[in-house]
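Working notes, beginning with the structure itself.
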There are 2 protein chains.
Amino acid sequence: MARFRVTGTGVMARMLRQQCVRYQTTRVRSICTSPTCHQASSTAPPFQDEPLGPQMISGLTLPGPKVKQGLEKLDRVYDTCSSTLLVDYDKSYGNYLVDADGNRYLDMFAQIASIPLGYNYPRLVQAAQSGEMVRAIVSRPALGSFPPTDYADLLASGILKAAPMGLDRVFTATAGSDANETAYKAACIWKGTQERGGRDFSHEELQSVMENQAPGAKNYSILSFIKGFHGRLFGSLSTTRSKPIHKLDIPAFDWPVAPFPELKYPLHEHETENRTEEERCLRETEAAIDAAKSPVAAIVVEPVQSEGGDNHATPFFFQGLRALAKRKNVLMIVDEVQTGVGATGKMWAHQHWDLETPPDMVTFSKKAQAAGFYYGNEALRPDKAYRQFNTWMGDPVRALLFRAIYQDIERDGLIDNTAKVGEYIFEHLESLVARFPQLMQNLRGKGCGTFIAWDSPRRDDILALAKTKGVFMGGCGAAAIRLRPMLIFQQHHADIFLSVLEDVLKELS
Amino acid sequence: MARFRVTGTGVMARMLRQQCVRYQTTRVRSICTSPTCHQASSTAPPFQDEPLGPQMISGLTLPGPKVKQGLEKLDRVYDTCSSTLLVDYDKSYGNYLVDADGNRYLDMFAQIASIPLGYNYPRLVQAAQSGEMVRAIVSRPALGSFPPTDYADLLASGILKAAPMGLDRVFTATAGSDANETAYKAACIWKGTQERGGRDFSHEELQSVMENQAPGAKNYSILSFIKGFHGRLFGSLSTTRSKPIHKLDIPAFDWPVAPFPELKYPLHEHETENRTEEERCLRETEAAIDAAKSPVAAIVVEPVQSEGGDNHATPFFFQGLRALAKRKNVLMIVDEVQTGVGATGKMWAHQHWDLETPPDMVTFSKKAQAAGFYYGNEALRPDKAYRQFNTWMGDPVRALLFRAIYQDIERDGLIDNTAKVGEYIFEHLESLVARFPQLMQNLRGKGCGTFIAWDSPRRDDILALAKTKGVFMGGCGAAAIRLRPMLIFQQHHADIFLSVLEDVLKELS
């Protein structure tokens, strides 16, 4: 496997410092020394002028002095206890993140999987400079009360053009947590409306709800899965089951939980036992619905449990969930906040499942930059005004951005690109697993784009060492490394990553 | 009182149609017919080139055909059941909102009190076109993990420059609901940490929290007030007590509630009984804290209950709350989402109270465009990473915008302006109250900037009729009209408003 080495102490790595290398479509690399070349015409394919690779300041221990001092300064007024880098976003470009000290990393975490198309992506810069963007920033509408004349067209040409099949309506929100919580609210309102069977609210309901009591405030619940992550506000956190640190000291609703399949990898070698495990989880989900102290309005599930450790399940499990939800008359909410917008090699990860009927709601955020939930059934829209409402109800700035992102995904075939690059990465990781079985286990995400992960007992060491070599990755769960590159990540980036990973594994062996 | 009439059927009103009138500093009006005059140099004082007044298409019933058709089109994919206008934000300018049919309203509701400086405000347009804004849009950081090198400076020169005295730290969020909920979480984490007294989490806490059970998930509560409004996600909605329609069918935490003073107006005529009422509410708040089934971590209160009906209380009440919270060792969260950023004639409404020690947390959103909570006590910052965390942790786009807003507020003395214009409006409303006592009652907000309201048994008729005459106002509570003009609202705008209101009151008498 030929790889182009760009980090470490090699002569070539040193040679490349301060240079900006132009990739041509033929993959012949020519060097461009213009300091402004990343302002290249936005009609050209993006990032032809990306740096050649990572570039670490020699002799520097991470974090470097400027990152350290900068975080100390920020910490006086803003919580930085979870901060790992201080980033120069002006200098960051394409797949490369540059820190305050000037270290340039190949970014395979992408702001917790939320950057779709690379830093300072030229075509998004154009969108950000447009008159409609400026207007959206300066005159932010209260979308529920005073929508803009062009909002229907903006949705049709952007958020809804990207919508999953069968879900042709949208409720817009501002981030993943409130996208999920408004979906939960829609489910509760739907269930309450159904149970009232067309009658109006009773006097007792109207009175009791102001005291947060039944029958006005319903004792409904949202069922989630062990190790699921759905956000950190009070309702979403009640469905988040990934790690104690997210939840400690915070009041939570007494909502039911069911087991998510714990599959064995590689999947094709464990088909029988994995099927048994998925059948068990489906049975237990059904039992949890039946036994719930509070009637279940909806189940919420991630296509791949991301924060919880990149836990996959097969289409069989999700098809079973879809059927179960229907049979039990509960809604199925698919949380695609992290899986959505292309990273799994499909626009939406649930497209891998071949469902007969779509999920009832699909939530999105992160790489969409916009947030909200898609739905198809008119009954999920409240029957009265101001039931599902807030001041901003989303953000036209991000609706415009998602439109631009989606247009580029389509134009440049970035989902196919991600599927192919993912295959390439997976295949090469398999050979590393064979060579370093103590350091890489449970490789997963085959056929799932670049949504790839594996476990390692030395996870944190691998992450730290790779970072010193200019490759920035993220962890998840107890021992997993998850890959979350952007949709513009290509085979030559994969080569850099694989080369660095191989070095790291060798050093740690 | 001489007023310049611009609506109705007068000759002048018709004359002014399609014209754009330039206000000069001498207040002599000259007519500018250039279609691009609202792109005037942004170094000039803003909105010299504002239209002269409202302008309604003659012979049109509201909503006009384009608003109607546009909302019908949008309704196919997006919930419009709470929509009252379809707005042309390109044509809206300054204090004037233009609907899809071309009707131009003097906007005294300002996107539910969330527009600080007028539509298409020239200096904000400059900020929106800046390189740092473009970067913030295109390369959105995960602020908690990877803050930008200039974030400390951006906070210091913007959000924190505007901070209330004594609260020199900030947690940034995306909107009012999550600003409040993260403040609630900070309160719960603070209380849990205090109760553990320095010991680490127990095994039992770590286990139980994953099941949403005590002792890991705490049975803490946030106390709020009858008719308070704090948002619509699950935690914030549990503290919202304004109207049943906001809460029906949604599960809620069984959190305590206390009465908010129901004062009699005008305040100076009812000092004794109002004092008695405020003392009663303080006693009942204390009793509610003592009797709460779930220990109270914080009380949350609005300086003026806005959505709940523009209910005021005096500094005595808030001083009493501050003292009570201290005595009971619970935190005091002041929700300034609607009252903050100048509209009450102070930057923050709680500055009217002369507190000896500041609130523990002050939440903000709306006119700040940015959102979050201010705090001063380091103990409100979690002791461990990832306890208070999410992907975006705010939005640099809005941090930049708030900085520009604050700079303009300071430069142009817009808070003083608002205080003065508010006095002017209040004084003239008093005379209308005297003339139309059946239609205007409980006028309130004296000395509170333009944060003015009154009750009317014909509230909805007044709002509808004023709208046909080109003045757009909002309601709140059961029977209140609340004024929420922008900070650039001036005496000549007040004259238009007062003239229209007078006409409306005459017609309804």
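The values are calculated or read from the model by the stated rules, or taken from the named source; none is laboratory data. The shown structure was predicted, so the numbers you read here are calculated from the model rather than taken from an experiment. Neighbour counts are summed over all protein chains in view; Cβ atoms, including those assigned to glycine, are modelled from backbone coordinates with ideal geometry.
Is it true that residue B:482 is closer than 21 Å to residue B:110 by Cβ and in contact with a Cys (Cβ under 9 Å, 6 or more places away or on another chain)?
Here the answer is yes, as residue B:482 does meet what is asked.
Looking at the stretch A:327-360 only, could you name the residues that are on the phi < 0 side of the Ramachandran plot, surrounded by fewer than 24 Cβ atoms within 10 Å (Cβ to Cβ) and among the charged types (D, E, K, R)?
A:327, A:328, A:346, A:356
Do you know which residues across the stretch A:436-459 are in a loop (DSSP other than H, G, I, E, B), surrounded by fewer than 22 Cβ atoms within 10 Å (Cβ to Cβ) and in contact with a Pro (Cβ under 8 Å, 6 or more places away or on another chain)?
If the condition is that a residue be in a loop (DSSP other than H, G, I, E, B), surrounded by fewer than 22 Cβ atoms within 10 Å (Cβ to Cβ) and in contact with a Pro (Cβ under 8 Å, 6 or more places away or on another chain), then A:438, A:446 are the ones that fit.
Would you please name the residue that is nearest to residue A:241 (Cα to Cα), looking only at residues in the stretch B:209-242 that are touching a Pro at 6+ places or on another chain (Cβ under 9 Å) and of a type in the set (Phe, Trp, Tyr)?
Top of the filtered list is B:234.
Which of the residues spanning the stretch B:84-113 are out of contact with any Ser or Thr (no Cβ under 8 Å at 6 or more places or on another chain) and at the interface with chain A (Cβ under 8 Å from one of its Cβ atoms)?
Once the filter is applied, which keeps residues that are out of contact with any Ser or Thr (no Cβ under 8 Å at 6 or more places or on another chain) and at the interface with chain A (Cβ under 8 Å from one of its Cβ atoms), the stretch B:84-113 yields B:90, B:97.
Determine whether residue B:167 is closer than 26 Å to residue A:486 by Cα and more than 7 Å from chain A (Cβ to nearest Cβ).
Against the criterion (closer than 26 Å to residue A:486 by Cα and more than 7 Å from chain A (Cβ to nearest Cβ)), residue B:167 does not qualify.
Confirm whether residue B:127 is touching a residue at least 12 places away in the same chain (Cβ under 8 Å) and either outside any loop (DSSP other than H, G, I, E, B) or hydroxyl-bearing (Ser, Thr, Tyr) (or both).
The answer is yes for residue B:127.
Every residue, every condition in (1) assigned to a helix (DSSP H, G or I); (2) in contact with a Ser or Thr (Cβ under 7 Å, 6 or more places away or on another chain); (3) under 30 Å from residue B:170 (Cβ atoms), yes or no:
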{"position": "B:388", "(1), (2), (3)": "no, yes, yes"}
{"position": "B:401", "(1), (2), (3)": "yes, no, yes"}
{"position": "B:410", "(1), (2), (3)": "yes, no, yes"}
{"position": "B:434", "(1), (2), (3)": "yes, no, no"}
{"position": "B:465", "(1), (2), (3)": "yes, no, no"}
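When you go through B:350, B:428 one by one, which is the residue that is in contact with a Pro (Cβ under 9 Å, 6 or more places away or on another chain), over 20 Å from residue B:152 (Cα atoms) and not charged (D, E, K, R)?
B:350
Assuming residue A:111 fulfils every condition listed in (1) surrounded by fewer than 22 Cβ atoms within 10 Å (Cβ to Cβ); (2) part of a helix (DSSP H, G or I) apart from one, which condition is it?
(1)
Against the conditions (1) outside any loop (DSSP other than H, G, I, E, B); (2) among the charged types (D, E, K, R); (3) facing chain B (nearest Cβ under 9 Å), where does residue A:68 fall short? Just the number, please.
All conditions are met except number (3).
Looking only at the stretch A:127-145, count how many residues are over 28 Å from residue A:93 (Cβ atoms), of a type outside the set (Gly, Ala, Ser) and crowded, with 24+ Cβ neighbours inside 10 Å.
Final tally of qualifying residues: 2.
Only one of (1) over 29 Å from residue B:374 (Cβ atoms); (2) out of contact with any Pro (no Cβ under 6 Å at 6 or more places or on another chain); (3) of a type in the set (A, V, I, L, M) fails for residue B:206. Which number is that?
The failed condition is (2).
Would the stretch A:352-370 turn up any residue that is touching a Leu at 6+ places or on another chain (Cβ under 9 Å), under 25 Å from residue A:119 (Cα atoms) and not in a loop (DSSP other than H, G, I, E, B)?
yes
Name the residues in the stretch A:217-239 that are more than 9 Å from chain B (Cβ to nearest Cβ) and either free of Cβ contacts under 8 Å to residues at least 40 places away in the same chain or basic (Lys, Arg) (or both), would you?
A:227
Of the residues A:71, A:97, A:62, which is surrounded by 18 or more Cβ atoms within 10 Å (Cβ to Cβ) and either farther than 21 Å from residue A:366 by Cβ or at pLDDT below 95 (or both)? Walk me through it before giving the result.
Values: A:97 fails: either farther than 21 Å from residue A:366 by Cβ or at pLDDT below 95 (or both); A:62 fails: surrounded by 18 or more Cβ atoms within 10 Å (Cβ to Cβ).
Result of the check over A:71, A:97, A:62: A:71.
Can you tell me which condition residue A:245 does not meet? The list is (1) surrounded by fewer than 18 Cβ atoms within 10 Å (Cβ to Cβ); (2) within 7 Å of chain B (Cβ to nearest Cβ); (3) over 22 Å from the mean Cα position of the chain (by Cα), and all the others hold.
(3) is the only condition that residue A:245 fails.
Could you tell me which residue of the stretch A:114-126 is surrounded by the fewest Cβ atoms within 10 Å (Cβ to Cβ), considering only residues that are more than 8 Å from chain B (Cβ to nearest Cβ) and out of contact with any Pro (no Cβ under 8 Å at 6 or more places or on another chain)?
So, considering only residues that are more than 8 Å from chain B (Cβ to nearest Cβ) and out of contact with any Pro (no Cβ under 8 Å at 6 or more places or on another chain), the one surrounded by the fewest Cβ atoms within 10 Å (Cβ to Cβ) is A:126.
Across the stretch A:399-455, what is the number of residues that are without any contact (Cβ under 8 Å) to a residue 24 or more places away in the chain and among the hydrophobic types (A, V, I, L, M, F, W, C)?
Residues meeting the conditions: 2.
Any chance the stretch A:133-153 includes a residue that's of a type outside the set (A, V, I, L, M) and within 20 Å of the chain's Cα centre (by Cα)?
From the stretch A:133-153, those of a type outside the set (A, V, I, L, M) are A:135, A:139-141, A:144-151, A:153; that's our starting set.
Checking the rest, the ones that are also within 20 Å of the chain's Cα centre (by Cα) come to none.
For the stretch A:133-153, residues of a type outside the set (A, V, I, L, M) and within 20 Å of the chain's Cα centre (by Cα): absent.
Name the single residue, out of those in the stretch B:267-301 being hydroxyl-bearing (Ser, Thr, Tyr) and in contact (Cβ under 8 Å) with a residue 60 or more places away in the chain, that is surrounded by the most Cβ atoms within 10 Å (Cβ to Cβ).
To start, the set of residues in the stretch B:267-301 that are hydroxyl-bearing (Ser, Thr, Tyr) comprises B:272, B:276, B:285, B:294.
Right, trim to in contact (Cβ under 8 Å) with a residue 60 or more places away in the chain and you get B:285, B:294.
Working: B:285: 26, B:294: 16.
Top of the filtered list is B:285.
Can we say residue A:395 is among the acidic types (Asp, Glu), out of contact with any Leu (no Cβ under 6 Å at 6 or more places or on another chain) and not assigned by TED's automatic domain parsing to the domain that holds residue A:302?
The answer is no for residue A:395.
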